[in-house]
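Trainee: Below: one structure in structure tokens.
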Amino acid sequence: LGFADDVQHEIVDAFIARKYLDDAVLAEQIVYAGSTRKGQGRRAIALALSTRGIDRDVANAAMAELPDDDDERALEFARTKANSLSRLEPDVALRRLMGQLARRGFSGSIARTAAQQALREVGRPRFH
């Protein structure tokens, strides 16, 4: 953009001082947004960190702060979707809900358990 080198260095130094260019801060924000706002599982959050080019050690440190509550987040998401699937055949509803959970980054076993429980809660007889 035609800025002198010293001006560029001043801008970068100011950004670093304000933590605008801090990968650890960015990683924490991605983990927080993924787990609370987006309801994502660990795999999806890890992928988001990797996609953003966050160093593996920094990403691991941020992921270590993530509570181990994938089961609860998966069930919470499944509950929001289960009612809309109640008109489908039981196998189809289960498959679709498990697919939605998998796309959010939940493991297969967590997705199956959450989907089955959520479908039971909306009164699907096959899942009692």
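The values are calculated or read from the model by the stated rules, or taken from the named source; none is laboratory data. The structure presented is a predicted model; accordingly, all values stated were derived computationally and were not measured. Using ideal geometry, Cβ is built from the backbone for each residue, glycine included, and neighbour counts are taken over all protein chains shown. Accessible surface is based on the protein model in full, side chains and every heavy atom, while ligands, DNA and RNA are left aside. Shrake-Rupley method; radii C 1.70, N 1.55, O 1.52, S 1.80 Å.
Trainee: Charges at C-beta only: +1 for Lys and Arg, -1 for Asp and Glu. How large is the resulting dipole of segment 1-100 about its Cα centre, in Debye rounded to 20? Numbers along the way, then the final one.
Mentor: On the way: 14 positive and 18 negative charges, 170 e Å.
Charge dipole of segment 1-100: 820 debye, to the nearest 20.
Trainee: For the Cα atoms of the chain, what angle does the longest principal axis make with the long axis of helix 90-103, in degrees from 0 to 90, nearest 10?
Mentor: Helix 90-103 and the main axis of the chain meet at about 10 degrees.
Trainee: Taking the Cβ of Phe3 as the center, what net charge do the other residues with Cβ under 15 Å away carry, scoring Lys and Arg +1 and Asp and Glu -1?
Mentor: The answer is -4.
Trainee: Using θ = phi - 60° and the Karplus relation 6.51 cos²θ - 1.76 cosθ + 1.60, list the HN-Hα couplings for segment 11-18 in order, rounded to whole Hz, with x at every Gly or Pro.
Mentor: After applying 6.51 cos²θ - 1.76 cosθ + 1.60, I find 5, 4, 4, 5, 5, 5, 4, 8 Hz.
Trainee: Give the carbon-plus-sulfur fraction of the accessible surface of the chain in %, rounded to a whole number; probe 1.4 Å, heavy atoms of protein chains only.
Mentor: Solvent-exposed carbon and sulfur of the chain make up 50 percent of the total.
Trainee: Follow-up question, since we're still on this one. Tell me which chymotrypsin sites (Phe, Trp or Tyr not before Pro) from segment 68-128 have a DSSP coil assignment and no more than 11 other beta carbons within 10 Å of their own.
Mentor: In loop regions of segment 68-128 (DSSP not H, G, I, E or B), there are no sparsely surrounded chymotrypsin sites (Phe, Trp or Tyr not before Pro).
Trainee: Another question, then. I want to verify a result. In a Gaussian network model of the chain, Cα cutoff 10 Å, which of these has the top mean-square fluctuation: Leu101, Leu21, Leu49?
Mentor: Leu21
Trainee: For the chain, what does the helix formula give at 222 nm: sum of -39500 (n - 2.57) over DSSP H segments with n ≥ 4, over the residue count, nearest 500 deg cm²/dmol?
Mentor: The helix contribution divided over the chain gives -20000 deg cm²/dmol.
Trainee: What fraction of the Cα pairs in segment 32-75, stated in percent, has a spacing above 13 angstrom? If you can, show how the numbers build up before the last one.
Mentor: Working: 480 of 946 pairs.
The answer is 51 percent, as a whole percent.
Trainee: In addition: Could you give the accessible area per residue of segment 11-128, probe 1.4 Å, as a whole number in Å²? The partial results should precede the final answer.
Mentor: On the way: 7480 Å² over 118 residues.
It amounts to 63 Å² per residue over segment 11-128.
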